[in-house]
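Below is one structure; the comments refer to it alone.
Just so it is clear, none of the values below were taken in a lab; they were calculated from the coordinates. Values in this document were obtained by computation on a predicted structure and should not be read as measured data. Here the Cβ positions follow ideal geometry from the backbone for every residue, glycine too, while neighbour counts run over all protein chains shown.
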Amino acid sequence: MQQRKKKLILSALSATMVLTMAACGSNDKEEGGASQAASQAASESVSTASGDKPQEVKTLSLLMFTDWYTPGWQALEKYIGDHSSELGFKLDIQKIAGGSQGEQILKTKIATNDLPDLLQNYGPKWMDQNANALDKLVDLTGLGSLADYDETAMDGVYKYKGKYYSVPIDATTLMGVFYNKKVFAELKLTPPTTWDEFLTVSEKIKEAGKTPVYYSGKDTWTLQTIPHFGFSQDIVSSGKSFPDFWEDMNTNKKHYAELTNFIDTIKKSKELIDKGYVNKSYLSDTYDSAQQAIADGTAAMHVNGSWFIGEIIKKFPDKVDDIGAFPFPLTGDNYVNISPPGSLSVTTSAKDVELAKRAVDFIASAEAQQVYAEAQPGIYLNKKVDVQLSPAIADLNQALKDGKGILHWQGNGELYPYGSFDKFMQDYYVGGKTAEEVAQALDEETAKNAKSKDDPNWK
Amino acid sequence: MKSTRNKPYTYALILPGILLYVAFFLVPSLFGGVLSFANVDRFSFSAIRFAGWTNFINVLTDDYLSAAIRNSFIFAFSTTLLKVGIGMALAVFLNRKLRTKNYLRTVAFLPAVLSTVAVGVFFTSALHPTTGMINRFLYAVGLDALAQDWLTNPHLAIYSLVGIETWKWSGFTMAILLAGLQSISHDYYECADIEGASGWQKFRSITFPLVLPYFNNALIVNLIGGLKVFDLVQAVTQGGPGSATEVFGTLVFKSFGSGRFGEGAAASILLSLIVIAITLPTWKLISRKEVEL
């Protein structure tokens, strides 16, 4: 009897434990499954009456990576939901986890034609070169809302091979150094403009017992940020235009290992670690803890993109005004890297292509973009959008106005994937590679990928 | 009544099994073999081209291959030894008449039912150098010298993974061995007691030889599992820092993840060959020592 009771208790205990762990572990999957089921249920259209004439409200499915579901999207989704009877559509947003694994899922969906009506993506060029899927995007040329955009800003990114395959969604990303203004004020410091000044400032912050520069190496992608600015210096100093520079790189005439500024900044990023200016457990610390550290002032600076401010607005709204930004200080002639906003496309799998095009037209319009921008202030390509910028974004925007903006290299220039740059950086920090070998590894990976496509330039 | 002894089953009965085997093992294996000699341009399988040995050469000249080989072997051999050793000790201990026997068996076995990803997430946070549970405990009891950068020190990271794997699977090995122990008749031990054998003598001359088939089974299963490890590494370190915990599994994943399917297939074929080359001789060697019950 006693034995049996014990057994019962034990099995109940273990069952609870297994269930708890299973629930924790498969949260994402379940979410995905649920939203898929919901989308199936919702894809049956419903009729509602609006005013006198009844209009049909159809549900359009939209797929994106989880980290693209920004506060801006959340506001816009709600706005569309509230006005669905006038608009004639509402959205069912499906999210999959991002990163290289998310990309694999997306590529598989593309290959098997399992696509939603609308797809947020890395842009037509990526869809063409990385997924062979340009023919799965609908030509959007002629949408009325496109009049609100500068054609020069759209060409090459949203307009590709002469046609508009997507419209911009989200804000432009600007990269720089985000810093806690209170810490700087306390120590009577001003934003540095050269590398030497940067080291001096870091030394003073270190003496004050705070972390000068916060690295978040557990999220390895953040380890790439400092070398980005060296790369931009190489583009500037080559004297060539961005496309011409990449023409050489993409035809095996110029190589990553020859980019001296790039390699120099890789070394500089380690110099900061060696001098003790970086948080000690930087390989275990996360992007999330970086936000916390800068917001509460235990760390003074963090190098990243303007999405960092998006997170601050969401998590520490009262600290937004404490945070400023400056271009990464190298030579005194410093540049802010610019990444164009994401892309929103209509797929050829859309059940009602005309309605999907109308929906995209609305989302790209000044009205919808304003809703998005108010929830997530930043720099938008739609010329009619008018928002108050947070101080950090305004700082970086000032650099743009001074002509110190340059298109970010990654994803905008290279024809072939260059491998896991973030991982090579990690390897460099722990002594597995030299800075030169990091650049060589990018070349080797590029060559491998070019050869697997039989590119004659790599014979 | 007719005897059924000389009526063998018709061969048709093996059809379902054969079909499943062909559809889910032979065909994919063959396709993988073909793929390993081909260049596939991402997902367009229509543009498949013969590549010769290029994919194999790419794998064998990969920067991270030597690290992957070293780590896979360290991982496979040390986890096998630890899991089988600790599993054996647990099995012998929990085969005694103890009041808490069932409770302890459950506790020891529980980690095996947890999802590897959940375990990975837990240990990633527990092994954090400054905020992790383990280092905090060490600081709290004054053992500062033992506190380590468990997952970010490139010389230590692979052993931290060995520790996690051992924690997770020792109980499972215990369960296999326990089943073996329970099949041993008590008569042998009574005899030994009468002859005045010591505990160690009983273990060496009765328990171990008779449990050897189970022991060998556990050894081989753990060895294969160790060489093929992927999930735990991916969940905890993703092969990092740098290449410090790169294993065959993460190498294969990297090739597939970059869209180079030919290279990925070549890497998995090499992995299978290595697993076979190591486990077959091991199996041959140890199975010779088994005794019939």
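A compact table of results
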item: Net dipole in debye of the stretch B:64-287 [+1 Lys, Arg Cβ; -1 Asp, Glu Cβ; about Cα centre; nearest 20]; result: 240
item: Proximal charge balance of B:ASN216 [Cβ under 11 Å; K/R count +1, D/E count -1]; result: +2
item: GNM flexibility winner over chain B from B:ARG99, B:ARG204, B:ARG136 (Cα, springs under 10 Å); result: B:ARG99
item: Inter-chain Cβ neighbour average for residues B:235-248, partner chain, 10 Å; result: 5
item: Cα gyration tensor shape of the stretch A:193-261, rounded if a/c is under 1.5, else prolate or oblate by comparing a/b with b/c; result: prolate
item: Average partner coverage of B:131-138, which counts Cβ from other chains inside 10 Å; result: 1
item: Dipole of the protein assembly as shown [Lys/Arg +1, Asp/Glu -1 at C-beta], most positive-end residue of B:TRP200, A:GLY144, B:VAL59; result: B:TRP200
item: GNM flexibility winner over chain B from B:TYR64, B:TYR214, B:TYR103 (Cα, springs under 10 Å); result: B:TYR103
item: Kyte-Doolittle at least -0.5, axis length at least 24 Å by Cα - qualifying DSSP helices, chain B; result: B:65-94, B:157-182, B:208-227, B:261-287
item: Those lysines that a straight Cα-Cα span of less than 23 Å connects to A:LYS448, excepting residues fewer than 8 apart in one chain; result: A:LYS107, A:LYS125, A:LYS253, A:LYS254, A:LYS423, A:LYS433, A:LYS459, B:LYS254
item: Calculated P(r) of the stretch B:64-287 - Cα pairs past 30 Å, %; result: 35
item: Cα-based Rg of chain A normalised by 2.2 N^0.38 Å, two decimals; result: 1.08
item: Residue mean of other protein chain beta carbons inside 10 Å, A:126-132; result: 2
item: Reachable lysines, given that their alpha-carbon falls under 22 Å from the alpha-carbon of B:LYS83 and they are not under 8 places away in the same chain; result: B:LYS101, B:LYS168, B:LYS228, B:LYS284, B:LYS289
item: Dipole axis of chain B (+1 Lys, Arg; -1 Asp, Glu on Cβ), positive-most option in B:THR106, B:GLY180, B:LEU232; result: B:GLY180
item: For chain B: relative contact order, % (alpha-carbon pairs under 8 angstrom, 6 or more apart); result: 30
item: Cut-off under 5 Å, modelled amide H: who pairs with A:THR348 long-range; result: A:LEU137, A:VAL138
